[in-house]
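Following: one structure in structure tokens, then a few remarks.
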Amino acid sequence: MLEIRNLHANVEGAEILHGIDLTVRAGEVHAIMGPNGSGKSTLAQIIAGRDCYEVTEGTILFDGKNLLELEPEERACEGIFLAFQYPVEIPGVSNTYFLKAALNAVRKYRGEDELDAVEFLSLVREKMKLLGMSEDLMNRSVNEGFSGGEKKRNEIFQMAVLSPRLAVLDETDSGLDIDALKIVANGVNALRSPDRAILVVTHYQRLLDYIVPDYVHVLANGRIVKSGGKDLALELEEKGYSWIDEPASV
Amino acid sequence: MTSVIENNAAEPYAAYFAGLMSDPLAGLSHAIRNLRREGFSRLEEMGFPSQEDEDWRFLNVSPIVRGRFLPPPPAAAHEGEVRALLDSAAIAGLDSYRVVFVNGRFRKDLSSLAGLPKAVFAGSLAEALASPLQTRVEEHLGKHLAPKFNGFAALNAAMIEDGAVIFVPRGGVLDKPLELVFVSVPVENPFSTHPRNLVLIEPTAQASVIETYIGEPGAAYFTNAATEVLVSEGARLSWYKVQREAQGAYHVAATQIVQERDSTVAHLALNFGGAIVRNDINLYIGGEGATGVLDGLYMISGRQWCDTHTRIDHAKPNCESHELYKGILDDNARGVFNGRIYVHQDAQKTDAKQTNQTLLLSDTAQINANPQLEIFADDVKCTHGATIGQIDEDHVFYLQTRGIPKDEAKSLLTYAFANDIVRRIAIDPLRVAVEKIVLAAREAPTDFVI
Ligand SMILES: Nc1ncnc2c1ncn2[C@@H]1O[C@H](COP(=O)(O)OP(=O)(O)OP(=O)(O)O)[C@@H](O)[C@H]1O
Ligand SMILES: [Mg+2]
């Protein structure tokens, strides 16, 4: 589903990603862990189409399509969703409208009819219940004045409504209390299916107790330095990152 | 005031002025004739403002001055166009009283005033002068906004022929919004209109007024309006100005509002049209315990100019004023916002807040924003803030990652910026109409407002 080959990327002239290879197949859950500043968010943002990162080498294919040629909104319509590490606040744009515009844009791209008000509302209600979102949050501006945890929950709520095929979750667990973590994990697991995939960026095993990954990768200094099964995360939790050998520099 | 053209500023208007003064029908009243005379001689003395005047330094009014626009011949307007334009100015779902002017002249046949509460007056200046209100009108007209305010105000006074008068008696409540609609349609030559409006809201009375200017696209004209508003003790007035002049039109307007004690005024100005637009809005808070609000939104593109000068005078203690002005400028548009707050020595415990925010949608749009606080009392709370920004790329990206195309995302964010003002419109049908205007300007979808 997602094939990243030898991805190099710069920001403001400095190379941050030094050749990433990653293959995610439908139905799989991959976790990416790694020290602060190692490039995890950079990778996530590049997948979503952020243009401040310059891809200097390598390819990203999504279902065989060259992702790097698509605008962010086209990627979203193709089924990619990024839950941001730091969701922005957008004063004046209502959460509900925003979601409706997003959903209809995605449906239109897929050649589906726009949802009418009733259908939209019932979908939103269902997902609100799933994520424990209050009516009050829905009526406010996008993320405006939301607590850190509420913003993260809102990301997953949006994901649930848009039902993407590849969800990239960038530290969605940070800022969530224990109960919220379970609710959010539950929301993510509800999306799991044989034709979908999930890429979870996290620092903590805690999340992976709920969203159990098939593969765990360690990203350090812009490279994937180790990959393994779900036990790798436990090992990391115990020992930190220092025991992993840096690969010989290229 | 200095001017480079002072000696001949009045000259193009001399013949018309003389005609007005000799026409018994246009005479209106002795007091009006005196006001005209004063206006004309002030114009001769002062000339029109030029960029050498501090308050006009960013705005080049020479196209207006050089145009030598005169009032149009009576009844030359094309009726079909008038009706079509009135229809397009109509606010869907709004039940209102309407006072309509076409090319500067009152049109009773197009106005709707049936059912106006007893003792409330709304209509033309001529009618008011022929009514028991005559002495009240003469007492106030030209007193609050004197011809000497500037050359345009002087010209307005010199050219007084018509305008709207509103009178709401003590304790009276206007049960529906009152619309003043100024329609401009093309006639043979480019022309000018000089609406002269007087509004008297008596003690504890309440009213809301929508002042609309609309012009036939392609019409060449100059609107030069002057409006005086007195809001007496304990009265409440909401005022909406909706300026949708024709693209090539010039619009200069001065509004002077005077507030007495415990009164409340909310003035909200929406400027969309016109090639060169200048608004002077002066709020004189002259009684204790009064609250004044000046809000505004202007949204311009192409080569439009929009210059807003506001002045709030706090003359008495324990009053509040709030001001929020927002501008959205695209292409080569230019804006000026000059917000002066003048706190007199007497005005202790004044609470004044001014905010000015500008969104620039292109690299070539320009804004000059200038807050001016002059404070002569020592126990006051006065704040001001001005921001100038562009659309936040992080916001655009966030919306894009949810499937919303870039252009639509930008429209949405532009609307969200404007919405701070739009949502303050308390008359629902008007708010919906303004939303549509704003959205049409950005070609954004229509239902995302909060
Ligand atoms: N827009 C940017 N401008 C400048 N430097 C950037 C930018 N984005 C990322 N970087 C730098 O790139 C490196 C990788 O950052 P990134 O956010 O991808 O790390 P991360 O692995 O997500 O870290 P964390 O665990 O703290 O979230 C960091 O050194 C960061 O400072
Ligand atoms: Mg990160």
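Here are a few things to note about the model shown:
- Test for B:Ala26: is it surrounded by fewer than 22 Cβ atoms within 10 Å (Cβ to Cβ) and modelled with pLDDT of 95 or more: no
- Any hit, the range A:1-19, residues being over 24 Å from A:Lys226 (Cβ atoms) and more than 8 Å from ligand 1 (Cβ to nearest atom): yes
- Within the span defined as the range A:29-48, one or more residues are within 16 Å of ligand 2 (Cβ to nearest atom), in contact (Cβ under 8 Å) with a residue 12 or more places away in the chain, of a type in the set (Lys, Arg) and closer than 30 Å to B:Lys410 by Cα.
- A:Ala48 under 25 Å from A:Ala190 (Cβ atoms), hydrophobic (A, V, I, L, M, F, W, C) and within 14 Å of chain B (Cβ to nearest Cβ): yes
- Scanning the range A:192-212 for residues that are open to solvent by less than 10 Å² (accessible area, probe 1.4 Å) and either under 25 Å from A:Asp63 (Cα atoms) or within 16 Å of ligand 2 (Cβ to nearest atom) (or both) gives A:Ala197, A:Ile198, A:Leu199, A:Val200, A:Val201, A:Thr202, A:Leu207, A:Ile211.
- Residue in the range B:185-192 that is without any contact (Cβ under 8 Å) to a residue 40 or more places away in the chain and among the small types (Gly, Ala, Ser) present: no
- Test: residue in the range A:63-83 that is hydrophobic (A, V, I, L, M, F, W, C), in a strand (DSSP E or B) and more than 14 Å from ligand 1 (Cβ to nearest atom): yes
- Within the range A:28-43, the set of residues being surrounded by fewer than 22 Cβ atoms within 10 Å (Cβ to Cβ) and part of a strand (DSSP E or B) comprises A:His30 only.
- Selection count where residues are closer than 16 Å to A:Leu181 by Cα and in contact with a strand residue (DSSP E or B) (Cβ under 8 Å, 6 or more places away or on another chain), scope the range A:110-153: 1
- Residue satisfying all of: in the range B:372-403; open to solvent by 60 Å² or more (accessible area, probe 1.4 Å) and farther than 30 Å from B:Asp313 by Cβ; nearest to the other protein chains (Cβ to nearest Cβ) among these: B:Asp394
- Residue selection: B:Ala254 fails the criterion of being touching a residue at least 12 places away in the same chain (Cβ under 8 Å) and closer than 19 Å to B:Val100 by Cα.
- Considering residues of the range B:312-357 that are within 30 Å of B:Val438 (Cβ to Cβ), basic (Lys, Arg) and free of Cβ contacts under 8 Å to residues at least 40 places away in the same chain only, the residue most open to solvent (accessible area, probe 1.4 Å): B:Lys353
- Enumeration of residues in the range A:25-41 that are more than 14 Å from chain B (Cβ to nearest Cβ) and within 11 Å of ligand 1 (Cβ to nearest atom): A:Ile32, A:Met33, A:Gly34, A:Pro35, A:Asn36, A:Gly37, A:Ser38, A:Gly39, A:Lys40
- Of the residues making up the range B:166-210, those that are under 17 Å from the mean Cα position of the chain (by Cα) and closer than 23 Å to B:Phe69 by Cβ are B:Leu180, B:Val181, B:Phe182, B:Val183, B:Ser184, B:Ser192, B:Thr193, B:His194, B:Pro195, B:Arg196, B:Asn197.
- Exactly one residue out of B:Ala418, B:Ala369 is of a type in the set (Gly, Ala, Ser) and open to solvent by less than 30 Å² (accessible area, probe 1.4 Å), and it is B:Ala418.
- When residues in the range A:44-58 are screened for being more than 14 Å from ligand 1 (Cβ to nearest atom) and open to solvent by 60 Å² or more (accessible area, probe 1.4 Å), 2 of them pass.
- Candidates A:Leu22, A:Leu61, A:Leu115 - the one that is more than 9 Å from chain B (Cβ to nearest Cβ) and open to solvent by less than 10 Å² (accessible area, probe 1.4 Å): A:Leu22
- The set of residues from the range A:153-181 being away from every other protein chain (no Cβ under 14 Å) and either within 16 Å of ligand 2 (Cβ to nearest atom) or open to solvent by less than 50 Å² (accessible area, probe 1.4 Å) (or both) comprises A:Arg153, A:Glu171, A:Thr172, A:Asp173, A:Ser174, A:Gly175, A:Leu176, A:Ala180, A:Leu181.
- Any chance A:Thr23 is away from ligand 2 (no atom under 16 Å from the Cβ), farther than 14 Å from A:Ile224 by Cβ and among the hydroxyl-bearing types (Ser, Thr, Tyr): no
- Pick from the range A:83-109, criterion at pLDDT below 90 and more than 8 Å from every other protein chain (Cβ to nearest Cβ), ranking: surrounded by the most Cβ atoms within 10 Å (Cβ to Cβ): A:Asn95
- Residues that are buried (at least 16 other Cβ atoms within 10 Å of the Cβ) and more than 7 Å from every other protein chain (Cβ to nearest Cβ), drawn from the range A:69-82: A:Leu70, A:Glu74, A:Arg75, A:Glu78, A:Gly79, A:Ile80, A:Phe81
- Search result, residues across the range A:2-17 that are within 16 Å of ligand 2 (Cβ to nearest atom) and exposed (fewer than 14 other Cβ atoms within 10 Å of the Cβ): none
- Of all residues in the range A:131-151 being away from every other protein chain (no Cβ under 13 Å) and touching a helix residue (DSSP H, G or I) at 6+ places or on another chain (Cβ under 7 Å), the one that is most open to solvent (accessible area, probe 1.4 Å): A:Glu150
The values are calculated or read from the model by the stated rules, or taken from the named source; none is laboratory data. Because the structure is predicted, anything quoted here is derived from the model rather than measured. Every residue, glycine as well, gets a Cβ built from its backbone with ideal geometry; the counts of neighbours run over all protein chains shown. Heavy atoms of the whole protein, side chains included, go into the accessibility calculation; ligands, DNA and RNA do not. Shrake-Rupley method; radii C 1.70, N 1.55, O 1.52, S 1.80 Å.
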